[in-house]
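Down below is the structure, laid out as structure tokens.
The values are calculated or read from the model by the stated rules, or taken from the named source; none is laboratory data. Only a predicted model underlies this, so the values are computations on that prediction, with no experimental measurement involved. Every residue, glycine among them, receives a Cβ derived from its backbone with ideal geometry; neighbour counts consider all protein chains shown. Ligands, DNA and RNA are excluded from the accessible area calculation, which covers all protein heavy atoms including side chains. Shrake-Rupley method; radii C 1.70, N 1.55, O 1.52, S 1.80 Å.
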Amino acid sequence: MEPSEEFNPDPRLPKQLVFFLMHNHSVPPSCFSLPPTAAQLPYLIDFVQLCIMGILTILSIISLIVYLEEALYIIKKIQCPMKKKTSLWNSAAPMVVSIITCFGLWIPRSAMFVEIGIGTYFALCFYFTLMVIIEGYGGKDAIVRRFESTDIHINTGPCCCCCPCLPRIKLTKKKMNIFILGVFQMAFLKPLFTFIGLILWSDGIYNTEEVSSTSIALWMNVTLGVCTMLALWPIGILFREARVHLAEYNMGTKFAIFQLLLVLTTLQSSIFSILGNSGVLPCVPPYAYKSRSHLMNYHLLIIETFLLAILARNAYRKKDEEAGYTMKAQAV
């Protein structure tokens, strides 16, 4: 075994089996070792892999440049301060995911922190996506006035898409506050669980890759999964109406970007994690099974978020001279 490798076999495999595979079947020790450090990585991969990582890094940098240009446009061309803030935060999502993923590409042992960073920022995007819809109407009071005499469908995904018998509701301030609270709980609980997870990780009892019934990380993720579905419900209800009434603000494209990022950062990552944990993906030194699944996910994610960053630029690059409902009311 190379001295630079830190032997860390999967606890689900007996050590006798691990040594048997290494000595009798020439399985490389790196398949049972920790990923290389950032300092070791350039010396352990070939020129082609290094070029691929360089190209992906350039894509992440371009995503950052595209967002900065888009942010300058938003600051100059959107008059309402609240719309400006929500647009800046929400349109940054593809770029932020790309940059965090790029760090994971060059620092293979940071997989847990990459997952935490992406999840925490995207949890905030739930709240800002709702705010983009609300501010599109001119604020909370304006959207209540717009729909206080209109029947709104609540049989939308992911909670109640199969319940067409649900009654329609009329929007009130109380119900609007419940919608906001339903989304805000996700933006609050994810950073809180992240903080708790980091404290437990420092004590060695929090591991995002552990899938046993006694895993604290597993139960925390299940809880956050339920919270995610509850947070998506109010957004889906309001977007159903905004899709038609706010079409001029590219609301459909903005929501599509949000949905695609949600799928890419949750479903796609989960699929690669399952493939890595089950040993379906072959071990290719210096990456073990799990670390190679992370690597493949990072490769795809950087390319996908680069395309979404371009799409977000076109969706959010729209001049808006509306002062906002609150400011207009004060002017009157």
Cβ pairs under 6 Å, 6+ apart or interchain, first in region 50-69 and under 25 Å from residue 286 (Cβ atoms), second polar (S, T, N, Q) and part of a helix (DSSP H, G or I), ordered by first then second residue, are 60/98
Give, as residue ranges, the helices (runs of 4 or more DSSP H) completely inside region 199-301 that count at least 2 residues that are open to solvent by 30 Å² or more (accessible area, probe 1.4 Å), within 17 Å of residue 108 (Cβ to Cβ) and touching a residue at least 24 places away in the same chain (Cβ under 8 Å). 269-278
Kindly indicate the residue of region 181-198 that is more than 14 Å from residue 117 (Cβ to Cβ) and touching a residue at least 24 places away in the same chain (Cβ under 8 Å) and also surrounded by the fewest Cβ atoms within 10 Å (Cβ to Cβ) among those meeting that condition. 196
Pick out, from region 88-152, the helices (runs of 4 or more DSSP H) lying fully within it that include 2 or more residues that are polar (S, T, N, Q). 93-106, 111-137
Output yes when any residue across region 162-172 is part of a helix (DSSP H, G or I), of a type in the set (Lys, Arg) and either at pLDDT 85 or above or farther than 25 Å from residue 269 by Cβ (or both), and no when none is. no
Say we look at region 66-86 and pick out the residues that are of a type in the set (Ser, Thr, Tyr) and under 20 Å from the mean Cα position of the chain (by Cα); which of these is least open to solvent (accessible area, probe 1.4 Å)? 86
Report yes if some residue within region 146-155 is modelled with pLDDT under 85, of a type in the set (Val, Ile, Thr) and under 27 Å from residue 225 (Cα atoms); otherwise report no. yes
Would you confirm whether any residue within region 15-32 is in a helix (DSSP H, G or I), modelled with pLDDT under 65, open to solvent by less than 30 Å² (accessible area, probe 1.4 Å) and in contact with a Leu (Cβ under 9 Å, 6 or more places away or on another chain)? yes
